[in-house]
Amino acid sequence: MNSMPEMLTWIIPALPLAAFLMLLLLMRPLKIKSNLNGYVSIAATAMSFFFSTWLLVNIVQTAETKFIPGFSWLSLEGAIDIQVGLIVDSLTAIMLVVVTLISLLVQIYSLGYMHGSKSLNRYFAFISLFTMAMLGLVMADNLLIMFMFWEIVGLCSYQLIGFWFHRPPAARAARKAFFITRIGDFGFLAAILLIFNATGTFNISEVHSLAASGVIAGTTITWACLGIFMGAMGKSAQFPLHTWLPDAMEGPTPVSALIHAATMVAAGVFLVGRMYPLFEHSEAALTTVAVIGAITALFAGTIALAMNDIKKVLAYSTISQLGFMMIALGLGSVAIAIFHLFTHAFFKALLFMGAGSVNHSTGTFDMRKMGGLARPMPWTCATFVIGSLSLAGIWPMAGFFSKEEILLSAFNNHPLLFVLAIIAAFLTALYIFRAVFMTFGGQVQSRFKPHESGKVMVIPMSLLAILAISAGYFNATGGFLKLLGDDHTHSWIYGIFGVLGHPLAWASLLIAGSGIFLAYAIYQRRWISSRKIARRFGFFYTIVFHKYWIDELYEKYLGNKLLNSGLFNLFNKFDSKVVDGTVDDVARLNLNSSKILRLVQNGNLQTYAMAFMIGVAALALMVILVN
């Protein structure tokens, strides 16, 4: 790359940052309440998307990894020198395109969905900052700088989940997301410090090189990888740090689409992918990633079956699909995990926008109060079904191709994980088409007068529907995986029709089709009573309906026990008496000193002259005594 592309690379995250500053510092004081706030943010993100696409094309053509130097952020002589620079490789370029495209479509959709809402300036400002933070995270070549962007992502998610902070559930959900992800972030920070202690550097490429050369001890690598994965578990909502994500549905639906498709939850998968050269030196860490991913995929899929809120069905679906990605990462298939992240971003953003469109028309997210929306909302119905088919992994939708790659990797490497993944795939088809038939099938509820959403919402959904169909063909000749360094060829997956010649593809389609048919029999044709099933499997239904009581375990038992424990009270007293007490004492000392000085500085010239003479006399006396 020449100097011009390097300059343009810095512009990609700078544009959303400029929009954030403009909205916060210029337009907010002017109290502009029109859609002009949105146009500023959309324009900045659109330009970032243009440059990101240009960068991806450049990477495809040159197939090179570029480390772009920046500036020295912190330098201590002989101790530390932290340089801020960028990594520009295929992983970076793909993530940049996904983040900017989804953010752009979400913001356009928001013009319709959030129309008339108060604080649009704050909404679009934090969307811009959120986008900038995710772009900075994927481009950072330094673990410490990456962690800073990682924390900004968490801050923005807190602000956006709690956007309607006057609603107690939204405020609680924001706090919950903040605290639970902080648990994972503690592990990530500890891993960064452990790596620096072992290598003396925060530079990612240098850490990878030192690990490959054997400079870092095997035990250190394992603990560092587990700490990194702990951070990923928090952001990507892996069991048992998953409970914040369903509650995050209290935020605006476009925010849910952004978080679930391209930003926060994608950050954890990206982190493990970026640090995979470290993980590949620890079999224990990779096994942990794969097992946790499999548990999460199956666990979240069962809960989604019992949810009646359409957004929470999609939330648990996201958790489950992230589990699939972690399975691929744990099996060493980084390119496949990123491929599924790529396709998932489009169909999951589409599904959330569809849920928002339904809510915009009916005023509810409760599927039990919906039904018959296919006729009055044809565009929403068609695009939602396309997203659902892609999520279920039905050929020839995009989700089919990425899901099949994960299943094939598990089939070739770990039979038990393959069985768990197949069961999770069946549950995926069942719960998403349960949502389809409960929402769009049957009769329209008499309380509603549903109508199709406006073009500003329908157009982004239509574009995402096209991508939910076609994104899988980016790997039609294996090019997507090869771009990410996967040289393994699975010729039966490549191409539109070649996949149909392999038994695993037919088995997968049969399982997904069985899930769809079962949902059709229960929720559309009513051949089987859902109430009878609930009674028949009452114990299991109760468990999944209450989400395995993990929220209660955290909030009512662990939380209350911790808050009432003697150790917590000791920390509380130390904080109030020592930390706060010291600050209060310093402030009190300054206040008392100022009172004394105020008596001297009374504006009387005679007093000042007397003080001056006393000072001169005191100095003269000191000189005499010293001599």
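Checking the structure you have, find out if any residue of the range 122-140 is closer than 19 Å to residue 59 by Cβ and in contact with a Leu (Cβ under 6 Å, 6 or more places away or on another chain). Checking the range 122-140: at least one residue is closer than 19 Å to residue 59 by Cβ and in contact with a Leu (Cβ under 6 Å, 6 or more places away or on another chain).
For the range 506-522, residues that are among the aromatic types (Phe, Trp, Tyr) and open to solvent by less than 40 Å² (accessible area, probe 1.4 Å) total 0. Answer yes if at least one residue in the range 253-276 is under 16 Å from residue 211 (Cα atoms), open to solvent by less than 20 Å² (accessible area, probe 1.4 Å), charged (D, E, K, R) and assigned to a helix (DSSP H, G or I), and no otherwise. Scanning the range 253-276 turns up at least one residue that is under 16 Å from residue 211 (Cα atoms), open to solvent by less than 20 Å² (accessible area, probe 1.4 Å), charged (D, E, K, R) and assigned to a helix (DSSP H, G or I). Scanning the range 437-448 for residues that are open to solvent by 10 Å² or more (accessible area, probe 1.4 Å) and either part of a helix (DSSP H, G or I) or touching a residue at least 24 places away in the same chain (Cβ under 8 Å) (or both) returns 437, 438, 440, 441, 442, 443, 444, 445, 447, 448.
Taking each residue of the range 36-54 that is assigned to a helix (DSSP H, G or I) and looking for partners that are of a type in the set (D, E, K, R) and modelled with pLDDT of 95 or more with beta-carbon atoms closer than 7 Å, six or more apart or interchain, yields nothing. Being surrounded by fewer than 24 Cβ atoms within 10 Å (Cβ to Cβ) and touching a Phe, Trp or Tyr at 6+ places or on another chain (Cβ under 9 Å) is the filter here, so list the residues in the range 286-298 that pass it. Those that are surrounded by fewer than 24 Cβ atoms within 10 Å (Cβ to Cβ) and touching a Phe, Trp or Tyr at 6+ places or on another chain (Cβ under 9 Å): 286, 288, 292, 295.
The values are calculated or read from the model by the stated rules, or taken from the named source; none is laboratory data. As the structure is a prediction and not an experimental result, all values here were calculated from the model. FYI the Cβ positions are ideal-geometry reconstructions off the backbone, even for glycines, and counts take in every protein chain you see. For the accessible areas, the whole protein counts, side chains as well, though only heavy atoms, and no ligand, DNA or RNA atoms are used. Shrake-Rupley method; radii C 1.70, N 1.55, O 1.52, S 1.80 Å.
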